[in-house]
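Taking it in order: structure first as structure tokens, then the write-up.
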Amino acid sequence: MAITDWPENERPREKLLQRGAAALSDAELLAVLLRTGLRGCSAVDLGRNLLNEAGDLRALLDLPPERMRRMRGLGGTRLTQLLASVELGKRYVALELKKEVTLSEPEPAARMFMSELRGEPSEVFAVLFMDNKNRMLGFEKLFRGTVDAAAVYPREVVRRALDHNASSIIVGHNHPSGIAEPSRADRDVTRRLSDALNLVDVRLLDHLVIGDNQWQSLGRLGWL
């Protein structure tokens, strides 16, 4: 049965307007984004099939675009709509962070790093640039690596900090294994970065390690 033949209070779009987005299931929210289904398959059925194939909503949205494109029903317009919604979510988090009075504590910064790096298939090293009041100036993914390592060049981090006219930075990288346990290499990189940044009067406030729905602060561990 097509969704247009459903009772009005059960249709995803009408349900969202009447009861709010929180009242919709994951499959129904996807149906609103995808707009149409396939022959013999409603938009809600398509959303449910995509969730089943990926495992759950988070696993689906963490998939790289190339992998999404190979899923039945996610070609062309539907794929661009889904990718756009994911990016909107990330930008919303970034704008919320800009409202923070200070980013000197690890929790608000960790939200951004988790939003940007969680689900990356390889290790990615990113930098959050801040002014002298610890307000966000910019966020960049500077280095990408293999499944378990990304080469970090302190000189490039220093250059970008100066380009942003940053007074301080927080750096972070993900562990694709999902385990946010800092390594000896992470500690060594932190020391090298701190030494290089000190030469140009930029403070390294923290180094965050992002795992699967978890994170660790090298600052809190006393490694800064």
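The values are calculated or read from the model by the stated rules, or taken from the named source; none is laboratory data. Keep in mind it's a predicted model, so treat the numbers as computed, not measured. Don't worry about glycine lacking a Cβ; one is built from the backbone with ideal geometry, like all the others, and counts go over all protein chains shown. All accessible areas refer to the heavy atoms of the entire protein, side chains included, with ligands and DNA or RNA removed. Shrake-Rupley method; radii C 1.70, N 1.55, O 1.52, S 1.80 Å.
Summary of computed values
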item: Pick from the stretch 15-36, criterion of a type outside the set (A, V, I, L, M, F, W, C) and within 11 Å of R48 (Cα to Cα), ranking: surrounded by the most Cβ atoms within 10 Å (Cβ to Cβ); result: E28
item: Considering residues of the stretch 162-194 that are among the β-branched types (V, I, T) and buried (at least 18 other Cβ atoms within 10 Å of the Cβ) only, the residue nearest to P106 (Cα to Cα); result: I170
item: Odd one out for L197 among (1) at pLDDT below 95; (2) open to solvent by less than 10 Å² (accessible area, probe 1.4 Å); (3) outside any strand (DSSP E or B); result: (1)
item: Failed item in (1) surrounded by fewer than 17 Cβ atoms within 10 Å (Cβ to Cβ); (2) closer than 30 Å to P65 by Cα; (3) in contact with a helix residue (DSSP H, G or I) (Cβ under 8 Å, 6 or more places away or on another chain); (4) of a type in the set (D, E, K, R), with R220 passing the rest; result: (2)
item: Residue check for R72: part of a helix (DSSP H, G or I) and either without any contact (Cβ under 8 Å) to a residue 12 or more places away in the chain or open to solvent by 30 Å² or more (accessible area, probe 1.4 Å) (or both); result: no
item: Unique residue being within 14 Å of L128 (Cα to Cα) and within 22 Å of the chain's Cα centre (by Cα) when the list is V152, V171; result: V171
item: Any hit, the stretch 38-57, residues being among the polar types (S, T, N, Q) and either part of a strand (DSSP E or B) or free of Cβ contacts under 8 Å to residues at least 24 places away in the same chain (or both); result: yes
item: Odd one out for D206, checked against (1) touching a Gly at 6+ places or on another chain (Cβ under 6 Å); (2) open to solvent by 30 Å² or more (accessible area, probe 1.4 Å); (3) among the acidic types (D, E); result: (2)
item: So P108, is it open to solvent by less than 80 Å² (accessible area, probe 1.4 Å), more than 14 Å from D26 (Cα to Cα) and free of Cβ contacts under 8 Å to residues at least 12 places away in the same chain; result: yes
